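The values are calculated or read from the model by the stated rules, or taken from the named source; none is laboratory data. Please read these numbers as outputs of a predicted model, since none were measured by experiment. Methodologically, a virtual Cβ is constructed for each residue, glycine included, from the backbone with ideal geometry; neighbour enumeration extends over all protein chains shown. Note: areas computed on protein heavy atoms with side chains; ligands, DNA, RNA excluded. Shrake-Rupley method; radii C 1.70, N 1.55, O 1.52, S 1.80 Å.
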Amino acid sequence: MSSPLTVRPLGPAIGAEVLDLDLSQGLSPDTLVAIETALVKHEALVLHVPALTPEQHLAIAAHFGEPEVHTFFPNLGAGLEQITIIDSKLGDRADMWHHDESFLPSPPIVTMTQAKILPPCGGDTCWISMSTAYDALSGRMKHYLDSLEAWHDMNRPMTAALRQNVVTHERYLEVIQMNRRHLHPMVITHPVTGRKALFISPTYTTHIEGLAHAESEAMLAFLHAHCQQIQFGFRHRWTLGDMVLWDNRSVLHNAILDYQPHQRRMQRASVFARGPWHA
Ligand SMILES: O=C(O)CCC(=O)C(=O)O
C-alpha cells in the first residue's frame, strides 16, 4: 500500500521531513502508521504542523505506546498531563548528548517536541544516529561491544550541574536520593528494523560493567568521540510549529544553548513501550 505522506530525506544517515501532513483532515490510522514507518527508517522526523493541537500531539504519542507523565517538568494539566512544557525561562536546558531517561529500566522509545516560542536565531537541536555509528565500527570492535553492559546514572549530570551552579543543593539532594540508575546492554537491537545501535551517552553512562576504571574510561572516550563524528549527525533549525519526533532507541540528541537571554519554549511528549523496549 502506498504511503499517504511524502517523506523527504534530509541526510543519508539520519533525518527526514514530511512535506504534506494536512491536520485539517484529522489523523487517520494510515497517517499514524506512515509517520511511524518514516520515523523508524530515518530515526528523526520533522513535521511542519503549526496547527497541531495538544490533543493531536497526544494522539500521535499514544500511537507509539504509553505517553509518559514526566516526573520533573510542568505539563498542560487536566487531561493533557502527558504534554510537558520545557521552557528556558524556567531554567530548562538539554545541552548535552543523551538518550531520554536512559537511567530507567525501560527508557522512553520515542520523544516528540514542538516549538512554541523560539529565539530570533539559535536553539537548534542535533541528533546522532547511533545505528550508523555502530555500523561504522570494525567487525572485531562490534563483536567485543555486543556482549558488554554499561551503567546509566541520573546522578552523573546532577553532579555536573551542581558543580556548574545550575542546580540548588536541595534539588541535587532530592534527585540523588531517587538513586535512578540502570545497567543496559551497550548495543541494543531495534525491535522493528533489527538494526543494532550503540546505547551509551556522555551524559548518563558512568562505566562499563566488568572493566577496570581506566579501561572503561578509555573505551567510553573512544566511543563518544567516534559517535560525535559529523557524518552521523542531523541538525534541525526550528520554525515555529515544527514538531520533531526521534527514536530514542536509535539516536542521541542535544539542544544547543546559544540563545540566552532569549526564550525558547517547547511542548513535548515521550512514550514508553507497551512491550520490551528493544529486541
Ligand atoms: O528542546 C529540545 O530541542 C530537546 C530537549 C530534550 O532533550 C528533550 O526534550 O528530551
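3J(HN,Hα) couplings calculated from phi for the range 124-134 with the Karplus curve 6.51 cos²θ - 1.76 cosθ + 1.60 (θ = phi - 60°) are, in sequence order, 5, 10, 10, 10, 10, 7, 6, 6, 5, 4, 5 Hz; Gly and Pro show x.
Out of the range 1-99, which chymotrypsin sites (Phe, Trp or Tyr not before Pro) are coil in DSSP terms and have no more than 12 other C-beta atoms within 10 Å? Walk me through the numbers before you get to the answer.
On the way: sites: 64, 72, 97; in loops: 72, 97.
The qualifying sites are 72.
Applying the criteria of a DSSP loop state and at most 16 other Cβ atoms within 10 Å to the GluC sites (Glu not before Pro) of the range 75-157 yields 81. Grouping the Cα pair distances of the range 151-279 into 10 Å bins from zero gives a pair-distance distribution of 9, 31, 40, 19, 2 percent in increasing distance order.
Charged side chains reduced to their Cβ positions (Lys and Arg at +1, Asp and Glu at -1) give the chain a dipole of some 360 debye around its Cα centre. Which of the lysines could a cross-linker span from residue 142 if the Cα-Cα distance has to be under 27 Å and same-chain partners fewer than 8 positions apart are dropped? Residue 142 reaches 41, 196.
Based on Cα contacts under 8 Å between residues 6+ apart, the chain shows a relative contact order of 35 percent.
Subtracting the Cα-Cα distance of residue 177 and residue 231 from 0.36 nm times their residue separation leaves 15.5 nm of extension gain.
Note that the chain presents 46 Å² accessible area per residue, ligands and nucleic acids not counted, probe 1.4 Å. About its Cα centre, the range 167-266 has a charge dipole of approximately 360 debye under the convention of +1 per Lys or Arg Cβ and -1 per Asp or Glu Cβ, with nothing else charged. Take the solvent-accessible surface of the protein heavy atoms, probe 1.4 Å, and return the percent of it on the range 191-256 that carbon and sulfur atoms account for. Ligands and nucleic acids excluded, carbon and sulfur reach 58 percent.
Projected onto planes of every orientation and averaged, the convex hull of the alpha-carbon atoms in the chain covers 15.3 nm².
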